[in-house]
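**Student:** A single structure is presented below for examination.
Just so it is clear, none of the values below were taken in a lab; they were calculated from the coordinates. As the structure is a computational prediction, the values presented were derived from the model and not from experiment. As a convention, Cβ positions derive from the backbone with ideal geometry for all residues, glycine included, and neighbour counts pool all protein chains shown.
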Amino acid sequence: MILPEDMFDPEHFRTNGHALVDVLADYLATSQAGLGKVIDWKPPAIEDMNWQQALPLNAVFDEVQFLEKLRNQILPAGLAIHHPRNLGHQVATPLPMGALCDLVAAFTNQAMTVYEAGPAATMIERQVIRWLTELVGWHEAEGVLTSGGAQANLTALLAARQRVSDWNVWKQGVAAGPSLHILASEHAHYSVSRAAGIMGLGVDSVISVAADKNGAMHLQALAEAYRRSVAAHARVMAVVANAGCTPTGSIDPLREIGEFCRHHQLWMHVDGAHGASALLSDIHRSAMNGIELADSVVWDGHKLLYMPAAVSAVLFKNPLNSYAAFAQQASYLFQGESGEAEACNLGYRTLECTKKMMGLKLWAAFSLYGVKGLGQLVDKVFAGARMLAEKLQSTPDFEVMMSPQTNIVCFRYGEFDQSGIRTRLVENGGFHLTQVNVHARVWLRATVMNPFTVESDFEALIEAVRNMAKS
Ligand SMILES: Cc1ncc(COP(=O)(O)O)c(C=O)c1O
């Protein structure tokens, strides 16, 4: 039986670590060069059979064999995230240095709930939050990192609920007050209605506001939805604007929505999980004009900040709102005193108690590459999406939903079965692509995440779609 001394042996770790990085560097080189498939598709039931094994009571392989399995079996059975023809989900092509920082985070296991469980990790997170709020255009704002945008949206909406309630909603619950409504674009991410469900408001409390043909929230529809909520004696607890909606990447008119919210004293939440990274780009920053009017902003690191999952930020213009979402009594962690020391106990602000040291990878990326370095990645993929859309637009057998506002292109190939085309593309493994239903039609959806996706990849995609339709 293997002994604890062997499990924790620093020299084993050193040797295995070097060997592991070699495996990953080879994998990166192959993927990035576009060699091999994006996905080696197997139906889940078949793939499941490959992984079933009896519970190991004793070791079944050693570390060298494990690395071989990683190289030969595990990595090839995954989605090749660095492959330039991976045009599927809005998941970052992760920066290799970000992945190395995650190794540090895993290794040092700083729990983060309270300052003393990760002093440097806490301060790094606070610094990253200061940088992100500065990019939004705020001064002395605050926030926290969460494991994903869905949780960040929930946190922001909990804070909004707290602020709009003139009773103790945390203690007495939502039933003790008037009904609360959230006005959100018809294209809002599902995590918004899920948050309403979690908060006990019921998903019907999310009032869907129609978008125009370019996917942006219709201001007249917003005013009308607000009027109807007021007439129904509901209290509007937040207006949720998209800065890069999930289906199409469209950006809502943030300034106008902000002014509307200011006029009616409503909490404005901007879900910038996808698109807030446009703030890094000299070319695209203006698309975010008005984001600074928001009360809260969500920004995903593991999308266009090129971070490995998971890292998202929920940012609050008013620092006090950063504490509004949660309350707890936990003398084993929090002493409940106000002041600077307690402000550094990040557990007050998040659903998570123990969480990963998420800030290090962002801190490293900003420090190593700067806003300009990261901004060029955003510029490249936005330009890639525009190039793909233009190629499709100039090809009569394709229809493009709209000129991309970020890095998402929705298109159709004639009147073929678009779902069928996508299924065959994925099963073939040459590309990864998603699909979306907008206005009762199915669209193929390409998300350009990889700065190394080039013109020839887009041309090959167009050809592959045609071939799959005809096959
Ligand atoms: C606009 C938007 N908001 C929120 C989310 C949820 O973020 P996460 O997957 O990081 O939880 C997504 C995910 O795609 C998104 O596109």
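**Student:** Fewest first, what order do D102, D40 take by the number of other Cβ atoms within 10 Å?
**Tutor:** So the ranking, lowest neighbour count to highest, is D40, D102.
**Student:** OK, next. Convert each backbone phi in the stretch 285-294 into a coupling constant with the Karplus relation 6.51 cos²θ - 1.76 cosθ + 1.60 (shift: θ = phi - 60°), then list the ³J(HN,Hα) values in order as whole Hz, x for Gly and Pro.
**Tutor:** The phi angles translate into 4, 5, 5, 9, 3, x, 4, 5, 7, 5 Hz.
**Student:** Let me know the volume per residue of the alpha-carbon convex hull for the stretch 115-263, in Å³.
**Tutor:** Here the figure is 139 Å³ per residue.
**Student:** For the pair E459 and Q376, what calculated FRET efficiency results from E = 1/(1 + (r/R0)^6), where r is the Cβ-Cβ distance and R0 = 25 Å, to the nearest 0.05?
**Tutor:** Computed FRET efficiency for Q376 and E459: 0.60.
**Student:** Suppose R0 equals 56 Å; then what is the FRET efficiency for R255 and V60 from their Cβ-Cβ distance, rounded to the nearest 0.05?
**Tutor:** Efficiency, rounded to the nearest 0.05: 0.40.
**Student:** In whole Å, what is the distance between the alpha-carbon centres of the stretch 248-327 and the stretch 1-53?
**Tutor:** 36 Å
**Student:** Would you mind calculating the gained length between V203 and E11 on full extension (0.36 nm times residue separation, minus the Cα-Cα distance), in nm to one decimal?
**Tutor:** Here the answer is 63.7 nm.
**Student:** Longest span of the chain, sites excluded, free of chymotrypsin sites (Phe, Trp or Tyr not before Pro) in DSSP loop with at most 12 other C-beta atoms within 10 Å?
**Tutor:** My reading of the result: 168-331 is the longest stretch.
**Student:** Within a 10 angstrom radius of the beta carbon, how do T155, T354 rank from fewest other beta carbons to most?
**Tutor:** Lowest to highest Cβ neighbour count: T354, T155.
**Student:** Also, I was wondering about something else. Given the Cα-Cα distance of L79 and Q32 and 0.36 nm per residue of separation, how much length would full extension add, in nm?
**Tutor:** So the extension gain works out to 15.7 nm.
**Student:** Moving on. Any idea how far apart R235 and Q335 come out in nm if each label point goes 7 Å out from Cα toward Cβ?
**Tutor:** 3.5 nm
**Student:** Another question, then. If the chain between R424 and W41 were fully stretched, how many nm would it gain, using 0.36 nm times the residue separation less the Cα-Cα distance?
**Tutor:** Contour length minus the Cα-Cα distance gives 136.9 nm.
**Student:** For K317, list the aspartates and glutamates whose Cα falls under 13 Å from its own Cα; do not include residues on the same chain fewer than 8 positions away.
**Tutor:** Here the aspartates and glutamates satisfying the reach criterion relative to K317 are E134, E140, E142, E292, D295.
**Student:** Given contacts defined as C-alpha pairs under 8 Å and at least six residues apart, what's the relative contact order of the chain, whole-number percent?
**Tutor:** 21 percent
**Student:** Looking at S331, M401, H274, which one has the Cα that reaches farthest to the positive end of the dipole of the chain (charges on Cβ: Lys, Arg +1; Asp, Glu -1)?
**Tutor:** The residue sitting most towards the positive pole is M401.
**Student:** Round to a whole angstrom and tell me the spacing of the C-alpha centers of the stretch 124-161 and the stretch 346-419.
**Tutor:** The two parts, judged by their Cα centres, are 20 Å apart.
**Student:** For the stretch 93-196, which GluC sites (Glu not before Pro) are in a loop by DSSP, counting at most 13 other Cβ atoms within 10 Å?
**Tutor:** The qualifying sites are E140.
**Student:** With labels modelled as points extended 7 Å from the Cα through the Cβ direction, what inter-label distance (nm, one decimal) is found for E224 paired with D212?
**Tutor:** 1.5 nm
**Student:** Ok, one more. I'd like the FRET efficiency for L3 and Y190, computed as 1/(1 + (r/R0)^6) with the beta carbon distance as r and R0 of 41 Å, rounded to 0.05.
**Tutor:** Taking R0 as 41 Å, the efficiency between L3 and Y190 is 0.30.
**Student:** Tell me which lysines have Cα within less than 25 Å of K37's Cα, excluding those fewer than 8 residues away on the same chain?
**Tutor:** K37 reaches K69, K303, K380, K391, K470.
**Student:** Next question, about the same structure. Straight-line reach from K356: which aspartates and glutamates have Cα under 16 Å away, leaving out those fewer than 8 places along the same chain?
**Tutor:** Partners found: D102, E116, E125, D300.
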